[in-house]
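Please treat every number below as a calculation from the coordinates, not as lab data. These figures come from a predicted structure and were not determined experimentally. Using ideal geometry, Cβ is built from the backbone for each residue, glycine included, and neighbour counts are taken over all protein chains shown.
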Amino acid sequence: MKSFRFFPLIFLAQIILLFIIPGLNKGVEDLVWLISISLIFGVIFILGAVRIISDLTISQSRFNARYFGTMGLRMVLGLILVVIYLKFSSVMNKPGTIFLICSYFVYMGFEIRIILSKLRTNSEKPKNADDAQK
């Protein structure tokens, strides 16, 4: 649950970046679109993180299937949100689109940080144990 405390800071940093980087938003309507989609990315992150945390106790193979399956779904949903932004926004904003894609990858990085504990426990197994089974 430690990763959830960073969510407000990440979201606040994104909003500040939208205001201070010139050309990142192209007006009030564009700013609302960018903030809204960034917030939706954050909600998707929170829901995914809750799912990941609940799955940390299951076997590695089931965990991998669930994590990578839901990661694929979240990625498709993120792409759909970017397409919605491009389709319905009244201005063509390439820097804003790049900002949204980067925002998604920031959230993905925090999801990966959550699963590191699961990956580390499996990497600590002796490597010679696999060779002994052969």
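Just a few scattered comments:
- Length gained when the stretch residue 79-residue 92 is fully extended (0.36 nm per residue, less Cα-Cα span): 3.0 nm
- Among 107, 67, a tally of other beta-carbon atoms within 10 Å of each Cβ gives an order, fewest to most, of 67, 107.
- Under the Karplus curve 6.51 cos²θ - 1.76 cosθ + 1.60, θ = phi - 60°, whole-Hz ³J(HN,Hα) for the stretch 30-37, x wherever Gly or Pro sits: 5, 4, 5, 4, 5, 5, 5, 5
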